[in-house]
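> Structure provided below as structure tokens; questions to follow.
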Amino acid sequence: MTAFLKAASVALGLTMLAVIAVAQGNLAAGPPLDLKLTITTTANGPVVSPTTFELITGKYYRLNITSEGDPDWRVELPDLLQNSHLRVVTINGIEIHLQGMVFRAIEFDTPGTVSFSFTPIRPGTYAFTVGDNPAALGLPIGQAGVQAPGRRAEGQFVVK
């Protein structure tokens, strides 16, 4: 039993050291590094550029997503958002200070750019999708989920 307790104590201690190593310092020290994601529309659906972002845990970023807005596109990135410290969302120059709150998706009903500032806090590969806005398909407003093939684009955030 004491060998088990010693092993458990060592494992807990190593886990705490790993957490401290990942989350040290000011998680929102600015200025953030700007990232740009562009959504364009083709006859086959949305196209995103770039499709892969490489990020570092503990660094401060601002993702700027620009869409033509026609048709309505929905950007789903729940796994990245759940594994990041979120700070500020900016829409048409209006800032919303989140301070730890979370959201799952952004819907573009009109052309424009949305930005949000975040710090990834957990390494991993997090997929994102861009597809039809569920409301534009006659589905309930706010419905989440992966869109049908052919009408979506995919990408990923690789956090190290």
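> Determine the pairs where a residue that is surrounded by 10 or more Cβ atoms within 10 Å (Cβ to Cβ), located within region 84-102, has a partner that is at pLDDT 75 or above and of a type in the set (Asp, Glu) with Cβ atoms under 9 Å apart, the partner being 6 or more residues away or on another chain.
Within 9 Å, the pairs are Val88/Glu95; Val89/Glu95.
> Sticking with this one: What are the pairs with Cβ atoms under 7 angstrom where one residue, in region 107-125, is in a loop (DSSP other than H, G, I, E, B) and the other, located anywhere, is surrounded by fewer than 16 Cβ atoms within 10 Å (Cβ to Cβ) and at pLDDT 90 or above? Sequence gap at least six, or different chains.
Pro123/Lys160
> Residues that are more than 12 Å from the chain's Cα centre (by Cα) and either modelled with pLDDT of 85 or more or closer than 26 Å to Pro32 by Cα (or both): does region 141-150 have at least one?
No, region 141-150 contains no residue that is more than 12 Å from the chain's Cα centre (by Cα) and either modelled with pLDDT of 85 or more or closer than 26 Å to Pro32 by Cα (or both).
> Could you please tell me which pairs satisfy a Cβ distance under 7 Å, a separation of 6+ or placement on different chains, a first residue in region 39-51 that is farther than 18 Å from Glu107 by Cα, and a second residue that is of a type outside the set (Lys, Arg) and at pLDDT below 90?
Asn44/Gly150
> Kindly indicate which of Leu17, Leu98 is in contact with a Leu (Cβ under 6 Å, 6 or more places away or on another chain), closer than 22 Å to Val159 by Cβ, modelled with pLDDT under 80 and not aromatic (Phe, Trp, Tyr).
Leu98
> Which condition from (1) modelled with pLDDT of 90 or more; (2) surrounded by 16 or more Cβ atoms within 10 Å (Cβ to Cβ); (3) not aromatic (Phe, Trp, Tyr) is the one that Leu33 breaks?
(2)
> Looking at (1) modelled with pLDDT of 80 or more; (2) within 27 Å of Asn92 (Cβ to Cβ); (3) in contact with a helix residue (DSSP H, G or I) (Cβ under 8 Å, 6 or more places away or on another chain); (4) part of a loop (DSSP other than H, G, I, E, B), which is the only condition Phe157 fails?
It is condition (4) that Phe157 fails.
> Please verify whether region 75-82 includes one or more residues that are over 21 Å from Ile39 (Cβ atoms) and either without any contact (Cβ under 8 Å) to a residue 12 or more places away in the chain or surrounded by fewer than 20 Cβ atoms within 10 Å (Cβ to Cβ) (or both).
Scanning region 75-82 turns up at least one residue that is over 21 Å from Ile39 (Cβ atoms) and either without any contact (Cβ under 8 Å) to a residue 12 or more places away in the chain or surrounded by fewer than 20 Cβ atoms within 10 Å (Cβ to Cβ) (or both).
The values are calculated or read from the model by the stated rules, or taken from the named source; none is laboratory data. Note that the coordinates shown come from a computational prediction; the quantities given were computed from them, not determined experimentally. Every residue, glycine as well, gets a Cβ built from its backbone with ideal geometry; the counts of neighbours run over all protein chains shown.
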